[in-house]
Structure formats: C-alpha cells, structure tokens
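Notes to accompany the following structure.
The values are calculated or read from the model by the stated rules, or taken from the named source; none is laboratory data. Quantities reported herein were computed from a predicted structural model and do not represent experimental measurements. Every residue, glycine as well, gets a Cβ built from its backbone with ideal geometry; the counts of neighbours run over all protein chains shown. Accessible surface areas use protein heavy atoms only, side chains included; no ligands, DNA or RNA. Shrake-Rupley method; radii C 1.70, N 1.55, O 1.52, S 1.80 Å.
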Amino acid sequence: MEFVTPTINILIVLPVLLVAGGGALLMLLELFMAEERVKQWAPTLAIIVLALAFLQTIGLWGQTHTTFTPEGSSPMVILDNFATFLNVIFLLTGFFTVLISVNYLPRVGLNRSEYYMLMLFSLSGMMLMGMANDLILVFLALEVLSIPLYILAGLSRPRPESEESAMKYFFLGAFSSAIFVFGIALTYGATGSTALPAVLAGVSNGGALALAGVAMMLVGFGFKVAAAPFHMWTPDVYEGAPTVVTAFMSVGAKVGGFAAMLRVFVSAFGSLGQTWVPAVAVIAAITLIIGNVVAIVQPNIKRMLAYSSIAHAGYILMAVAASVNSPDGVSAALFYMFAYLFTNLGAFAIAIAAERKLGEGVMLDDYKGLAKRSPLLALAMAYFMLSLTGIPPTGGFSGKFFVFRATLEAGLVWLAVVGVITSVVSGYYYLRVVYLMYMYDGEGELHTKPALLTAVALTVLATLVLGLLPGAWYEITKQAALQGLQVLAGG
Amino acid sequence: MAEQITFIIGSILALGAGFIVVTNRNLFHGALALMISFLGVAAIYLSLDAGFLAAAQLLIYIGAISILIIFAIMLTRRMMQTTEDPFNSQFLLALAASVTVFAILFSAIVYVWPLTASNSVPLAAKTAVADAVLQDTVVNLGSAFVGADGYVIPFELASILLLAAMVGAIIVAWPKPEDVA
C-alpha cells in the first residue's frame, strides 16, 4: 500500500488529547513512583493538564475547523465557537472540581489516585460531546463521559449509599444508553447516514422512522441531563456519591448532555422542530414543576441540590425548546450553563466545607448558625442561593432573564409563565438555607483549606461578574451560538 | 431460495433462543441459550455476505463472551443454584409498555416508512457482491478503523472507554478494606 500523508488537523483535538493523555499519564505514573508520591502530585498534574488544555482552547476561539473526514462522508469532529465555549465550561468544571477535591478526599479517606484519572477521562468525553459532528462519535463520547462517573459514584465503597448510587447510576445509565443507541440506529435507517449534515439533509423525508429515532434520542438525552420523567435516579445517585463527585457530575454530565443535545437537535433535527419542540417544552415544564416542588421537602442538602439540578435542567430545556424559533435560544442556554457552572460548584464547595465526615453534616439542620461560625462562607452560600433562585445581581438572574426572553421570543408564553412561577417556588427552599444560617445557633465544624477557599472566591467573583455585566458575556455566547449552526447547515 | 432458508433458520435461532434467555428460570441455561442466539445472528450475517462479521461473531461472542458469562456464573456458586423467577410484580406493566413500544416502532418501520418500489429491490435481482470486494473486507475494515481518512477518532475514543471501564472494574472488584485486613 502506498503511504498517504495523514490529513489530520491535530491542533483541533489537542485539548481533548491533553486531557485524556493526562489521565493516562496519571495511571502510568504509578508504575514508576511510590503511590504516596503519586497521590501527592496527582492534583497538581491534573491542574497543569487542564491549564494547558485551557490555553489551547482559548487560542482556538473564533476559529472554525473540521477534521477526521471518512471517505465520502462529512467530518466527524467540528471545532467552532460553540464547541470552544463548551470546552471552556468543561475545563473550568474540572479545575474547580480539583480545587474542592484536594483536601476533601484525604479527609474522608478516599484519596485514591484513580480519582483524578477517571475525572480527566470523563472530561475528555464531555469535550467531545460538544465537538462531535457524527452520531457515532456522540454515542462514544457519551459513554466515555458516563462510565468513569459510574465508577466515581461508587468510590466510597463499601458504604451502602455509595454502592447504591453507583448501581442505580450504572443500570439506568446503561438502559438509557441502549435507548439512545436504538434512536441512532433508527435515525440511520431513516437518513442513511450518521453524519449530522447528512442527517439534516435526510431527516425531513425520513417519515415516522426518523420521528421514532428523534423520540428515542430525546429520551436518552433526558436521562443524561436528569429531566423529568427520566430523573428518578438523580436524588439517590447525588446523595450516595462522594460530594465532590456529585459536584462534578451535577455540572459536567448535565452540560455534556446538553452540548450534544443542542448540536443534534437544533441543527441536525432543526427541520423537524415543529414536532419535537412541543415535546421538549412539555418535558421542560414537567421537569421544572417536579424539580422545584419536590426540592421543598428535602432535609438533606445533597438531595435538595439534586432536585435543584433537575429544576435547572428544566430551565436549560426551556432554552432548547426556544432555540428553533428564536435566534437567542442557543445563546441563552449557553449563558445559563456558564452561570450555573459557577453557582452550583460554589454551593457544592461550601457543602463540602460543612461535611464533617463522609455523609455527615449534609443535613439542612447542620447549616444552622453557619453565619456565626464563618460569616464570609455564610455570605457566599447566601449569595449562591440567591443566584440559584434567580435574584439580581447574580449570574443566575441573568441566565434566567435570557432564557425567559428567548422563550417569549419563540412564542412559548405558557412555558415562560411556568418558569417564572416555579422560580418563585424555588425561592422557598433556597432561601430557607439562608434563613437557617442566619437565624439559628448551631454547632458544627468547617473544613476550610486554601484550595477550597480559592474555589469559593473565584465562583463568587464569576457569579457577581455575570450578574453585573451580563451584556458583554451574552455577546460572547451569541458568537458561540451563531457560528455553531451556520457551519453545520453549510457543511 | 437458499438465502431465504438461511435467513429463516437464523432468525428462528436468534429469536427463539433469545426468548429462552429472558424467560428461563435457570441462569445457566439462559447463558447456554444466549450462545445459540448468537449463532443465529452469525447465520444472518453470513446471509448478508458479511463473512468477517460472522466469523468475529463466532469467535468473540460465542468463543469469548459467552464462555466468560458461564465462568462468571459457575464461579459465583449462589447464582448457579438459584432459579429466580424472571417475572416480578411489575411484569404486566412492563409487558404492556414493551408491547406498546414494539407496536409503534413496528408500524413506523413497516407501514409508515415509504417502502416504495425504488428503494426495495427484490432479493433475486440484487447483484452479487464481487468476490474480490468480499476478500478485501478485512483490509478495508482495518484501514477504515485506523486511517486518518476513516474512523480513527471513534476507534481511539473506544480505547479510552475500555481503559476507563477496565480500571473501574478493578476498583469495583478489589477486595474491600476490611477483607484485606
């Protein structure tokens, strides 16, 4: 066979390669270094890898590339502003997760060197979710995202809660993956291709087969982003998993799911919008109602944040439903996820500081008197709760504002009304945390180390910036959203 | 005609054995039936001129995966003895749900999807695939997997996936701390 020079543009996938390669490197290090030393250096190494990938990603902003084109087909990987923006979200998620894990893991006796490796592998899958331009790659990226999370959820084995968490996540995750891949198969049957541009071209003539494919993929994504009625696993998994893992998956897995969902549904299935938009709108409404109402009765902060994360999936789904008929839908979703990243990770950072031992100190009653014990941390927690509720000036408010505006633009007035009402409801359980912190006295210990405090400070700062200067950031998400769709439609 | 017979036999083997897998009370017998089901799928691959896939199906699914399942059942003695009822209290609900989904998908595929004359070619009228093409299957598959103008990125991603799954399996299977002490 003659030798053909590869036509791969490696720079595009370099951030993913760095993250995945960093994970593999961490695993290999154990062969050459003492285990204790690896554990000592793993967080630093992970931060270095993430920083390098971050710099590379920032450098790619504004550029559009495609690569890995099978013969006679469309490119499998696409890197546009949409993917770059999401990669920034994922890398920041990884960064903050390392910061909050550094001291937590040894404290609760979970300091395993596999932790950072699996986290980096999962991150590489998330990054490819946004870059995938082919359903095969979407599916594989989804699995690379999920499988390390199944394991991380069970990391504090043999705690029964953690084992239950891993089992439930694994079984329901595998089940939803099967439904998802069945959807891909039906879409392939209807359009004759798994490449998104070809799917876009063929899906309108795909008939009922294509619709069945779209429906099954919607169910698969619904599981991943924890949208009702596919949310059943979320509270138990979030409660049982080690809190740092919960923090990581509450942002990473959700944004990863939405990354591929936006790309696939808005661009490839855009022409079927009139069919799937009502379905997504109804799912969004159910998710908002279930998430916000059931969160009220949760006595455990991790379960409360689990239902809160279901509710926030509902708000992002509102933006997804709006994205076909409104030019602001995708950018609103991107902005909302960007704000959610900081607010949610910040809230989890404080929950981690307040966790005495594994699974102790996670009840809402443990937050009584936090304001006296640590005024600054209580203030930060109060600020995050305001942001999650959507009270200005916070990033959460800006995100909700853009999402509601896009929903109204798209003509889904009833959905916007549901969103506003459920936001008011959510104030009850978010502000109760503030009430408990400031109005009661209570005992408890706080574990505040510099790394965790850095994470809290940075997330507060970012939430504040997004709350005070939303316009400038919204312009950035607008650039990210528009180019993503233009390229695909043209390709 | 010969193709149709192969197809019918393969389908009966795959579906009939598959039915035994999910209904049999004995896990071990279920594993054996699974092997027969795999064999039926291999026969269907053969009738589709996918010789390499049929061989891979035989070697990997029957030769390796089924044997592993049987080992796993035999090594966990409790599972060997149990004859669990595969039907639980939600059996009727699940049956109704799966029958509904099946009906919807079946009608979508058979009736609604326009099976017009242009895209349904009678079996007899199909041009036979040239032997040269069939013999090159393995070469083509290989270069499609690792070639730069092929599916190298999903291929490599799958290797990360397997690596993560392997590490995870070791973490899960490793003796619990109190067992070691």
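Here are the numbers for this structure:
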| item | result |
| --- | --- |
| At least 20 Å² of accessible area lost relative to the chain alone, listed for region A:72-90 with a 1.4 Å probe | A:Met76 |
| Rounded percent of accessible protein surface that carbon and sulfur make up, region A:1-153, 1.4 Å probe | 66 percent |
| Segment A:Leu431-A:Asn9, length gained on full extension (0.36 nm per residue, minus Cα span) | 146.9 nm |
| Rounded Å value of the spacing that divides the Cα centres of region A:111-154 and region A:298-354 | 20 Å |
| For region A:312-421: accessible area per residue (Å², 1.4 Å) | 28 Å² |
| Local electrostatic count, A:Leu358, Cβ distance below 10 Å [Lys/Arg +1, Asp/Glu -1] | +1 |
| Estimated dipole of chain A in Debye, rounded to 20 [Cβ of Lys and Arg +1, of Asp and Glu -1, Cα centre] | 700 debye |
| FRET efficiency estimate (nearest 0.05) - Cβ-Cβ, B:Ile73 to A:Met232, R0 30 angstrom | 0.50 |
| Gyration tensor (Cα) of region A:94-234, equivalent ellipsoid semi-axes in angstrom | 34, 17, 10 |
| Chain A - convex hull of the alpha-carbon atoms, volume per residue in Å³ | 134 Å³ |
| Chymotrypsin sites (Phe, Trp or Tyr not before Pro) within region A:388-458: DSSP coil, no more than 14 neighbouring Cβ in 10 Å | A:Tyr440 |
| Selection from A:Ile136, A:Thr275, A:Val425 lying farthest towards where the dipole of chain A points positive, charges on Cβ | A:Val425 |
| Region A:407-466, accessible surface, carbon-and-sulfur percent (1.4 angstrom probe) | 72 percent |
| Of every Cα-Cα pair in region B:1-89, the percent that sits beyond 18 Å | 50 percent |
| Relative contact order of region A:248-385, defined on C-alpha pairs under 8 angstrom at six or more residues apart (%) | 24 percent |
| Partners for A:Lys224 among lysines (Cα-Cα distance below 30 Å; same-chain residues under 8 apart left out) | A:Lys168, A:Lys254, A:Lys302, A:Lys357, A:Lys400, A:Lys478, B:Lys176 |
| Radius of gyration and maximum dimension Dmax of region B:136-181, Cα, Å | 17.7, 56 |
| Occluded residues from region A:133-166, i.e. those whose accessible area drops by 30 Å² or more once the chain is not alone (1.4 Å probe) | A:Leu137, A:Leu140, A:Val144, A:Ile147, A:Ile151, A:Arg157, A:Pro158 |
| Whole-Å distance, taken between Cα centres, linking region B:1-66 and region A:448-471 | 57 Å |
| Equivalent ellipsoid semi-axes - Cα gyration tensor, region A:167-301, angstrom | 30, 16, 12 |
| Size of the B/A contact, given as accessible area buried on both chains, probe 1.4 Å, in Å² | 3000 Å² |
| Compactness of region A:101-158 as Cα Rg over 2.2 N^0.38 Å, two decimals | 1.31 |
| Estimated FRET transfer efficiency (A:Arg356, A:Glu71; beta-carbon r; R0 60 Å; 0.05) | 0.50 |
| Relative contact order computed over chain A (Cα-Cα under 8 Å; 6+ residues apart), in percent | 15 percent |
| Local electrostatic count, A:Phe96, Cβ distance below 15 Å [Lys/Arg +1, Asp/Glu -1] | +2 |
| Distance between modelled label sites at A:Asp365 and A:Val465, nm, 7 Å Cα→Cβ extension | 4.1 nm |
| Nitroxide proxy distance, nm - points 7 Å out along Cα→Cβ at B:Val138 and A:Glu409 | 5.7 nm |
